[in-house]
Amino acid sequence: MAEKIDILGAAGAIAKGLGVTFKEMMSPTVTENYPDEPPKFEERFRGSHILQRDENGMEKCVACFLCAAACPADCIYIEAAENTETTRISGGERYAKVYNIDYNRCIFCGYCVEACPTDAITHGHGFELASYNTSTLIKRKEDMLAPVPPGAHAPVIAAEEAAAH
Amino acid sequence: MSDSSVPGNILAEAEEEPQQPGGTRRMVLNMGPQHPSTHGVLRLLIELDGEIVAKCEPDIGFLHTGIEKECEVKTYQQAVTLTDRVDYLAPLSNNLCYCLAVEKLLQLEIPPQAQWMRVMLTELTRLNSHLVWLGTHAIDIGAMSVFLYCFREREEILKIFEMFSGQRMMTSYFRIGGLALEPPRGWQKRVTSFIDIFPSRIDEYENLLTNNQIWIGRTRGVGFIPLEDMLDLGVTGPMLRAAGLAMDARKDAPYTSYEKFDFEVPTRTENDVYARYQVRIEEMRQSTRIIRQALEGMPAGPWKADAPHVVLPDREKMKTQMEALIYHFKIVTEGFRVPEGEVYQVIESPRGELGYYVVSDGTTRPYRVHMRTPSFGNLQAVPKMVEGILIADVIASIGSVDFVLGDSDR
């Protein structure tokens, strides 16, 4: 044999390596049991979007289109409409009649959240978006709106009530 | 005869070749694009003479995403999100290089806290990238457990990135003019607890590998390539440093106040897979040193530049002051104009010399963004490195290059 292997040294190195293995055997596991236990997120985690409401249940979005302009993936589609006497959806002059986010395209970069001047769009912690059908990945406004805070009326219902009276 | 620069002709050439008198013929082996050791979609056409590699041609381009072209239709700030996706194992290095290039064109002054934060996070990126490399390189050669331990620490780093930016990998945390968000509450504690434990973890990897006879047998003396050839082919980074040339952009052309940090550029002279392993392990230790210095000496102050026409205003100001709101609308809708000119910015990414060449025609979108990516340069060394060695050593050799195909094809 051309080169002689230092048998003692080799055995020592293997013992050292196995020492690491035994040490790790005793230490607690770091694995997260994801589907059985909820995963842990940092506060800033950028998950699926939530459209916020103010304390009166009005939508915060005033249809200024800044999020759509900031989006590098062009995944936000908005149609604006004016608030009237009978239909008041948002706190501002206009509201988003249609607000779609195409999650086929969204890259979760957070530029829309940065751009929004009224804090209407935020990133939630939702992440289980996988689907067998891509058409279900286009989320509409109703899918993303935050729930109406307790004690407040949802604006659409308020408008319908006004029409009924 | 055929043009040997086109991959695939190696096949035709081998078939044309007359049979040897002994009845032997050279065999062409398609390694990849789905071979586990290529860590991506690299195809190697290997002509074999028995077990010896006679010829090797890498075929790249399977992961071409057109990012360079795509940058031209995005505003300067939007293009930051694309740079994340070039080298997806070191997104913050790419963010940094692009931002530095555009900031040079804009002649922006970045406040010290942002600069030091950038140093700290790019060094964490280096650790992240080297950990992925070490884990996958070891698993290619047959050491399974190293992979598990490396990814355990990598997970910690990714959680730190998530804490800062909100995303584990595609962070987009560095923006033109500073940082995207204020550093989160309690980041010092998180980074300190990681840095305190990490050196002992490097010792663990070394205990598993450094003196292990199998590891030494598989790596020592394998993958040699002369230094002159490396320089001719444009190889940079740890590969070059393992050949004895202490070339490091952090020392040679300091950026983001790297000149204020005390660290060494590790070198080896053996120029084999084992030396590259040693260089990267030592680099991890040096990175830990830099992160500790950044932690202890982090200057206070603003985290983005004072440039209202480029940087988005503070959210509080935007909601209360009309002028800030107008700037906010202007920057978001049309971006900012960058003075005409061209710039080339080099940084030291975990894989080597990363350069961004940005040309501006005075509009709000870049005229051209070219990336000089280290993976592309380093991959050129593969044929020279593997020709004449055993097929089993090809795995170890290409592992030691540490390429990311997204980086090379972009």
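The values are calculated or read from the model by the stated rules, or taken from the named source; none is laboratory data. Keep in mind that this is a model prediction, so the values were computed, not measured. Because the Cβ atoms are built from the backbone with ideal geometry, glycine has one as well, and the counts that use them run over all protein chains shown. The accessibility values were calculated without ligands, DNA or RNA, using every heavy atom of the protein model including side chains. Shrake-Rupley method; radii C 1.70, N 1.55, O 1.52, S 1.80 Å.
When only the Cβ of Lys, Arg, Asp and Glu is charged (+1, +1, -1, -1), the dipole of the protein assembly as shown relative to its Cα centre reaches about 960 debye. Taking label positions 7 Å along the Cα-Cβ direction at both A:L8 and A:T84, the computed distance is 9.6 nm, reported to one decimal.
Remark: the B:R368-B:K189 segment gains 60.3 nm on full extension, using 0.36 nm per residue and subtracting the alpha carbon distance.
Amide H contacts of B:R368: B:V359, each under 5 Å away and 5 or more positions distant or on a separate chain (H built 1.01 Å from N in the peptide plane; Pro and chain starts excluded).
Global size of chain B: 22.9, 88 Å for Rg and Dmax (C-alpha atoms, Rg to one decimal, Dmax whole). What the Cβ-Cβ distance of B:A392 and B:D314 gives, at R0 = 60 Å and to the nearest 0.05, is a FRET efficiency of 0.55. I want to make sure I understand the PRE zone here: with the label point 7 angstrom from the Cα of B:E182 toward its beta carbon, which residues in the stretch B:157-172 have backbone N atoms less than 18 Å away? Taking a point 7 Å out along Cα→Cβ of B:E182, the residues of the stretch B:157-172 whose backbone N falls under 18 Å are B:163-166. For the pair B:L227 and A:V98, label points projected 7 Å from Cα toward Cβ lie 6.6 nm apart. Considering only protein heavy atoms and a 1.4 Å probe, what is the carbon-and-sulfur percentage of the accessible area of the stretch B:239-355? Carbon and sulfur together cover 51 percent of it. Building the convex hull from the alpha-carbon atoms of the protein assembly as shown and averaging its projection over directions returns 33.2 nm². The tail of the calculated P(r) for the stretch A:49-147, taken as Cα-Cα distances beyond 17 Å, holds 49 percent of the pairs.
Ranked by the mean number of other Cβ atoms within 10 Å of their residues, highest first, the peptides A:114-122, B:57-65 fall in the order A:114-122, B:57-65.
Taking a straight line from the alpha carbon of A:K139, these aspartates and glutamates sit under 13 Å away, with near neighbours fewer than eight places off in the same chain left out: A:D102. Considering only B:L48, B:Q278, B:F224, and ranking their Cα positions along the charge dipole of the protein assembly as shown that arises from unit charges at the beta-carbon of Lys, Arg, Asp and Glu, the one farthest toward the positive end is B:Q278. Rounded to the nearest 20, the size of the Cβ-charge dipole of the stretch B:317-410 about its Cα centre is 480 debye, with Lys and Arg at +1 and Asp and Glu at -1. Of the GluC sites (Glu not before Pro) in the stretch B:202-280, not one is in a loop by DSSP (not H, G, I, E or B) with at most 11 other beta carbons within 10 Å. Of the GluC sites (Glu not before Pro) found in the stretch B:306-394, those that fall in a DSSP loop while having at most 12 other beta-carbon atoms within 10 Å are B:E340. Taking 0.36 nm per residue of separation and subtracting the current Cα-Cα distance, fully stretching the chain between B:H35 and B:T269 would add 81.2 nm. Spacing of the modelled spin labels on A:S27 and B:T24, each 7 Å from Cα toward Cβ, amounts to 4.9 nm.
Counting only DSSP H runs of at least 4 residues, each contributing -39500 (n - 2.57), and dividing by the residue count of the protein assembly as shown, the helix-based mean residue ellipticity at 222 nm comes to -13000 deg cm²/dmol. Between the amide H of B:I389 and those of B:V53, distances stay under 5 Å, these residues lying 5 or more places away or on another chain, with hydrogens modeled in the peptide plane. A cut-off of 5 Å between modelled amide H atoms, ignoring neighbours fewer than 5 places along the same chain, links A:A63 with A:A96. Across the stretch A:34-45, rounded Karplus estimates of 3J(HN,Hα) from the backbone phi angles (6.51 cos²θ - 1.76 cosθ + 1.60, θ = phi - 60°) give 3, x, 7, 10, x, x, 9, 10, 6, 4, 8, 3 Hz, Gly and Pro being marked x. Using R0 = 45 Å, the C-beta based FRET efficiency linking B:Q213 and B:L295 works out to 0.70.
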